[in-house]
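What follows draws every value from the coordinates through simple rules; no lab data is involved. None of these values were measured; they are calculated from a predicted model. When we count neighbours, we look across all protein chains shown, and the Cβ atoms used for this are built from the backbone with ideal geometry, even at glycine.
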Amino acid sequence: MKPMTNLRAVIAGQSAPPPCDETLGVRLTEARDGYAKGVWTISESLLNGNGVIMGGFVGAAADILMAYAVTTLLRDDQMHASINLQTTFHRPAAAGEAEIEARVEKFGKTVAYVTAIVRQNGKEVASATSSVLIMDKP
Ligand SMILES: CC(C)(COP(=O)(O)OP(=O)(O)OC[C@H]1O[C@@H](n2cnc3c(N)ncnc32)[C@H](O)[C@@H]1OP(=O)(O)O)[C@@H](O)C(=O)NCCC(=O)NCCSC(=O)Cc1ccccc1
């Protein structure tokens, strides 16, 4: 495995984001108290055969913001991993800009329950839920 990126350092502006953020075009704009917000610049390279954005990429973008929301509540000696991800596609997403907001709904000792909403042109494009395992760093 490659070295880990410390998401707390990313939030603090002290580290570059992990490669997946750049690959997908997701940029964190705010993260605090179990909440994270970001802008997703959606490339045409993510279009599917129907001419809309492939649903898996929409879920992945939401997953990225949910990770930042959880990170705001972690101790420095903790890390996390998503253990499931469910995305509902309310409208097709198009190439261009979208906004993503993520919230930790419940932060337990070992599992956090997180939701996210993806909006484009002021309309809800997708909503996502995820359970996230909280672990001690090795
Ligand atoms: C169509 C339906 C599933 C159901 O709609 P209904 O319950 O009948 O509701 P309604 O008709 O009210 O429509 C709701 C809103 O949607 C809008 N709209 C609809 N169609 C289009 C359109 N063509 N283009 C633009 N907009 C369209 C429509 O104007 C309305 O918007 P509005 O309220 O006026 O602003 C809708 O929820 C939807 O498109 N969800 C997203 C599904 C999605 O993107 N999935 C992920 C990608 S699939 C994948 O990756 C797998 C794959 C891989 C490879 C190859 C192939 C597949």
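Counting other beta carbons within 10 Å of each Cβ, put M4, M54 in order, fewest first.
With the sparsest Cβ surroundings first, the list reads M4, M54.
Among M79, M135, M66, M1, what is the fewest-to-most ranking by other Cβ atoms within 10 Å?
Lowest count first: M1, M135, M79, M66.
Amide H neighbours of G34 under 5 Å, counting only residues 5+ apart in sequence or on other chains, H built in-plane at 1.01 Å?
Residues meeting the amide H criterion: T72, L73.
Write out the chymotrypsin sites (Phe, Trp or Tyr not before Pro) in the range 54-138 meeting two conditions: DSSP loop, and at most 12 other Cβ atoms within 10 Å of their Cβ.
The qualifying sites: there are none.
Hey, what do the phi angles of the range 119-129 turn into as Karplus ³J(HN,Hα) couplings, whole Hz, using 6.51/-1.76/1.60 and θ = phi - 60°, x for Gly and Pro?
For the range 119-129, the Karplus-derived couplings read 10, 9, 6, x, 10, 6, 8, 7, 10, 9, 10 Hz, x marking Gly and Pro.
Taking neighbour counts of Cβ atoms within 10 Å as a proxy for exposure, in what order, fewest first, do S15, S45 appear?
With the sparsest Cβ surroundings first, the list reads S45, S15.
Taking the Cα centre of the range 1-120 as the origin, how large is its charge dipole in debye, to the nearest 20, when only Lys and Arg (+1) and Asp and Glu (-1) carry charge on their Cβ atoms?
Rounded to the nearest 20 debye, it is 260 debye.
Run the quick spin-label model on L47 and A95: label points 7 Å from Cα toward the beta carbon, then report their separation in nm to one decimal.
Each label point lies 7 Å from its Cα, and together they span 0.6 nm.
May I ask you to evaluate 6.51 cos²θ - 1.76 cosθ + 1.60, the Karplus curve with θ = phi - 60°, for each residue of the range 24-29 and list the ³J(HN,Hα) values in order in whole Hz, giving x for glycine and proline?
7, x, 9, 10, 6, 10
In terms of Cα to Cα distance under 16 Å, which lysines are near enough to K137, apart from those fewer than 8 places away along the same chain?
K2, K109
Projecting each Cα onto the charge dipole of the chain (Lys/Arg +1, Asp/Glu -1 at the beta carbon, about the Cα centre), which of L46, P3, S130 comes out farthest on the positive side?
Result: S130, furthest along the dipole toward the positive end.
Nearest 10 degrees is fine. How inclined is helix 55-71 to the longest principal axis of the chain, computing both from alpha carbons?
So the inclination is approximately 30 degrees.
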